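I have placed the structure first, in the form of structure tokens, so that the comments after it can refer back to it.
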Amino acid sequence: MSYDTAQICRNGHLTNGAMSLFPSRSKQFCDQCGIDTISNCGQCRATIRGAYIYFRLGRPVTNGLNQIPSFCEKCGKPFPWTESRLEAAKDLANQLELDIPERTLLEKSIEEIVRDTPRAPAEAVRFKRIVEGARPWALGAFKEILFGVVGEGVKKMIWPG
């Protein structure tokens, strides 16, 4: 029983959650967005943890990959899809015409909720207050960018329902 290696495109689309068990499912480029795929961390070269493999009746079986990881479990660096979402969220924050202190707080909140730190619930409240006060459309735009890389608790606080 162990974990297989996942193959994910640089935009965060899963192409193969179990590369050694299903090598024929591997792709050089993503069939959803066309960007190249990776199976190792770009910083430390560790493999990306994929689906859990176990044996049933002497044969390997997987339950699939339930969630795309946001950060490397070996070095802690964000994967490319996480970096690009953080960058996009900060770019959107800059478009909200906030004063500098409020924009700085919003960017800090974005970092905390993506990293799912112990401060994430408090930062989620601050994030939602600032964004809702800035522009009515902004909360939906941030959802499109951040939903795949924030924890379940934060999702429910910011985007209930």
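The values are calculated or read from the model by the stated rules, or taken from the named source; none is laboratory data. This is a predicted model, so every value here is computed, not measured. So basically every Cβ, Gly included, is an ideal-geometry build from the backbone, and we count neighbours across all protein chains shown. Quick note on the areas: whole protein, heavy atoms, side chains included, nothing else; ligands and nucleic acids left out. Shrake-Rupley method; radii C 1.70, N 1.55, O 1.52, S 1.80 Å.
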- Task: Just subtract the alpha-carbon distance of A88 and N40 from 0.36 nm times their residue separation and send over the number in nm, one decimal.
- Result: 15.0 nm
- Stretched out fully, how many nm does the piece from I53 to E102 gain, at 0.36 nm a residue minus the Cα gap? 13.0 nm
- Within the chain, helix-based [θ] at 222 nm, where runs of 4 or more DSSP H residues each add -39,500 (n - 2.57), nearest 500: -12000 deg cm²/dmol
- Calculated Rg and Dmax of the Cα atoms in Å (choose from [x] 17.9, 63; [y] 17.5, 56; [z] 14.6, 40), label: [x]
- Carbon and sulfur atoms: what percent of the 1.4 Å accessible area of region 71-161 do they account for? 53
- Query: Which is the longest run of the chain containing none of the GluC sites (Glu not before Pro) found in DSSP loop states (not H, G, I, E, B) with at most 14 other C-beta atoms within 10 Å?
  - Reply: 1-72
- Please compute the net charge surrounding I130, taking Lys and Arg as +1 and Asp and Glu as -1 over other residues with Cβ under 9 Å from its Cβ. +2
- Message: Counting heavy atoms of the protein chains only and a 1.4 Å probe, report the per residue accessible area for region 1-121 as a whole number of Å².
- Response: 59
- Among S84, S39, S24, whose mean-square fluctuation peaks in a Gaussian network model of the chain (Cα, cutoff 10 Å)? S24
- Task: Identify which of L146, L57, L65 has the largest mean-square fluctuation in a Gaussian network model of the chain, with springs joining Cα atoms closer than 10 Å.
- Result: L57
- Message: Explain nothing, just the number: relative contact order of the chain, from Cα pairs under 8 Å at least 6 residues apart, as a whole percent.
- Response: 17
- Among K77/K128; K74/K155; K27/K156; K77/K108; K27/K155, the pairs whose Cα-Cα distance exceeds 23 Å are K77/K128; K74/K155; K27/K156; K27/K155
